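The values are calculated or read from the model by the stated rules, or taken from the named source; none is laboratory data. All values derive from a computational prediction rather than experimental measurement. Cβ placement follows ideal geometry from the backbone for every residue including glycine, while neighbour counts extend to all protein chains displayed. Heavy atoms of the whole protein, side chains included, go into the accessibility calculation; ligands, DNA and RNA do not. Shrake-Rupley method; radii C 1.70, N 1.55, O 1.52, S 1.80 Å.
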Amino acid sequence: MSGKKLHRHGGKSSEAVLNAQRVLRSINLGEGDVFMDAGCGDGFISRAASRMVGAEGEVLAVDQHSPSLDILREKVREEKIKNLKVLEADLTRKLSIPDETVDLCLMANVLHGFFHNEELDQAIPELLRILKPGARLAIVEFKKIEGMPGPPFAHRITAEDVRGILESRGFQFQEEMEVGPYHYAVVLAKK
């Protein structure tokens, strides 16, 4: 690769095409969980997760796109959310999250960008570091079908691609499911 990134991380929200509650129920987010929304964008999923994990749980909303995080910070203030921590960080670098603290990590419409920018070998080890033993990683991506909303067709990845990428990097496949008209989810566990 030439060093030039093919995919720009951050920007457009998926809220209009992805139902946060449906995704979170499908991946079995539970009360008291420590949940990380990796590449959270404007945090519409993080905010829904904060209600589901309850007062005993915690949500870590991580993104490197400042304008999106500003939107999330404002919503957190307006809605007086106490269990959501906003972290401006690059997922390809060491995060300010202690080792083995996260029960469930979600990457919604994010993994394809790391794949196309050839950043998986930086991002995946950091996810492995922060996930508890046996913790789950849920990948939600746009289906690889022409003419649907989402990233360019050439940038989309299939559920089989997701499995191959992550099973070779320390994760074990658990299940695949449809989580909306345009999206699928693949859930894996840290080995």
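Tabulated data for the structure shown
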| quantity | calculated |
| --- | --- |
| Single condition residue 84 does not satisfy, out of (1) over 14 Å from the mean Cα position of the chain (by Cα); (2) surrounded by fewer than 21 Cβ atoms within 10 Å (Cβ to Cβ); (3) within 16 Å of residue 35 (Cβ to Cβ) | (2) |
| Members of the range 114-138 that are part of a helix (DSSP H, G or I), of a type outside the set (A, V, I, L, M) and either open to solvent by 50 Å² or more (accessible area, probe 1.4 Å) or touching a Gly at 6+ places or on another chain (Cβ under 8 Å) (or both) | 115, 121, 122, 125 |
| Search result, residues across the range 58-90 that are over 23 Å from residue 180 (Cβ atoms) and part of a loop (DSSP other than H, G, I, E, B) | 64, 79, 80, 81, 82, 83, 89, 90 |
| Hits in the range 162-180 (condition: in contact (Cβ under 8 Å) with a residue 40 or more places away in the chain and surrounded by fewer than 17 Cβ atoms within 10 Å (Cβ to Cβ)) | 169, 170, 177 |
| Test result for residue 119, among the charged types (D, E, K, R) and without any contact (Cβ under 8 Å) to a residue 24 or more places away in the chain | no |
| Residue list for the range 146-161, filter: free of Cβ contacts under 8 Å to residues at least 40 places away in the same chain and either buried (at least 19 other Cβ atoms within 10 Å of the Cβ) or charged (D, E, K, R) (or both) | 146, 160 |
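For (1) more than 16 Å from residue 126 (Cβ to Cβ); (2) without any contact (Cβ under 8 Å) to a residue 40 or more places away in the chain, each residue gets a yes or a no:
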position	(1), (2)
42	yes, yes
63	no, no
75	yes, yes
88	no, yes
96	no, yes
